[in-house]
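Each remark here refers to the structure printed beneath this line.
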Amino acid sequence: MKSIKQILIICALTFAFSNANAQDANNPWVVTLGVNAVDAYPTNASSIDTYGGQGKWFSEFFNTEDHWNMIPAITTISLSGYLSDNFSIGSRFSLNSITKVGDIETSEFIYKSLDATVRYSLTDASSTWEPFTELGGGYTWLGDEGSPSFNFGAGLNYWFNDNLGLTYQTVYKHTFAPEGIKHFQHIFGVSIKFGGVDTDGDGVYDQFDECPEVAGLPEFGGCPDTDGDGIADRDDACPEAAGSIEMNGCPDSDGDGLSDLEDACPQLAGSAAMNGCPDSDGDGINDKDDSCPTEAGPTANNGCPWPDADLDGIPNKDDACPQLAGPASNNGCPVIPDSIIAELNKESSMIRFKAESFNLLDGESQIVLSRIKTILDSYPKSQVVVEGHASSDGSKGYNQKLSEERAASVKDALTALGADGSRISTVGLGEANPIKDNKRAAGRKSNRRVQFAVGKN
């Protein structure tokens, strides 16, 4: 029985290293190949049993030399299947040669047994060391005689890895037929787990692998985390670039609070309103789309200010006089100053009309009109209005028409001298605005006049 002692020593030494997992749903099947030893001595059998010479319970339990029956071959094979957490069921066949029953030597006869087992593991599936208990029943043959038995026992598995381990167990078999032998059976073997499928080889079996075709990590259910940011690729909006949970796994390279995936300018800090891009001039157009990023301008001009050649605050596109400064009230065109209007009216006071006529009175008026034209030429984009007036001679309707004709007569005379007629408009004010007393002839002569006013472009 030295071989038994050697096996025990080898098992004890082997159990000192490695890690693995107990039987579970990943590898639901376990086959055990090994040797068995049959010992009928420490069973407390009485002298009235078929065989005497049996000691008290567990006495000389490991007296391998005197009591154990064993042959040096694979004499036990068992198969078990995972049932649920900690439970498995199986069957076991054993073969042996019996030459002694307790202290009694017998003629050699063949020992055979076929058992059904229910095993309960005392640890979870992640344990390397797996103590267990076992209940079951079976049938044992001693030579040609057989007897049913009730079995219970305990044992220990040690798993080197997910598939290979060593097993030791002791089973007490209580037989019921008189010819049966109540005995202990000791089993030493190598256990192999199988049946699990790990297609991607990541250590997570397909049954529980949420990504069975792609190698991953157990903490992510077998799914990969390519960028190593702690977020599985399946939940990572940027699986190849490390990011944060707050950014759904994406980086925020410029630190502007927008992930690179959502950021139109991932390398430049910007605002959410600008899709992560800066707007340096604050014109509502991000710098990358702004033709003038440091000058505020409208979208219609690609972010550039409209040109204003005359710097009057009115862009060229809206300026009727883009090269001459003028107020917005005059569409950007210059306005003749009041002082010039006063000068024009001083000159126009010397223009005379015959009574009840729109014809110029004398040649001196032509000289005056020439001076007026020269003044107007100094303001080439300015509009003026020629106002015609009449004395109280005649009816109001007649005088209204006459004032209009006098204003037109002056415009025609200026145009004839080369003035731009498009700049000159006319209006007749009739007799409504006298500057002298119409009761006197001199007053009526003064009231037959024209005056100038600023026009609008």
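Listed values, structure above:
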quantity	calculated
Listed candidates (i) 44; (ii) 29; (iii) 64 - label of the one calculated as percent of Cα pairs over 37 Å apart	(iii)
Rounded to whole Hz, the Karplus (6.51, -1.76, 1.60) HN-Hα couplings of the range 189-201, x for glycine and proline	x, 9, 10, 10, 8, 7, x, x, 10, 10, 4, 8, x
Estimated vicinal HN-Hα couplings, Hz - the range 126-136 in sequence order (Karplus 6.51, -1.76, 1.60; Gly, Pro = x)	8, 7, 6, 8, 10, x, 8, 10, 8, 10, x
Relative contact order of the chain, pairs being alpha-carbon contacts under 8 Å that are 6 or more residues apart, as %	8 percent
Lysines with Cα under 22 Å of K173, excluding same-chain neighbours fewer than 8 positions away	K56, K100, K112, K182
Those trypsin sites (Lys or Arg not before Pro) in the range 35-132 that DSSP places in a loop and that have at most 15 other beta carbons within 10 Å	K56
Summed side-chain charge close to D377 - residues other than D377 whose Cβ falls under 13 Å, Lys, Arg +1, Asp, Glu -1	+3
Around E213: net Lys/Arg minus Asp/Glu count, Cβ-Cβ under 10 Å	-3
Estimated vicinal HN-Hα couplings, Hz - the range 220-232 in sequence order (Karplus 6.51, -1.76, 1.60; Gly, Pro = x)	10, x, x, 9, x, 10, 4, 8, x, 9, x, 10, 4
Whichever aspartates and glutamates have a C-alpha closer than 18 Å to that of K346, once near sequence neighbours (fewer than 8 apart) are set aside	D338, D362, E364, D377, E387
Helical contribution to [θ] at 222 nm, DSSP H n ≥ 4, -39,500 (n - 2.57), averaged over the chain, rounded to 500	-5000 deg cm²/dmol
Pairwise FRET efficiency - S59 versus V190, Cβ, R0 = 30 Å, nearest 0.05	0.50
Fraction of the pair-distance distribution of the range 110-188 above 18 Å, Cα-Cα pairs, percent	45 percent
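Laboratory data are not the source of any read-out in this text; all were calculated from the coordinates shown. Since this is a predicted model, take the numbers as computed values, not measurements. Cβ coordinates were reconstructed from backbone atoms using ideal geometry, including for glycine residues, and neighbour counts include every protein chain displayed.
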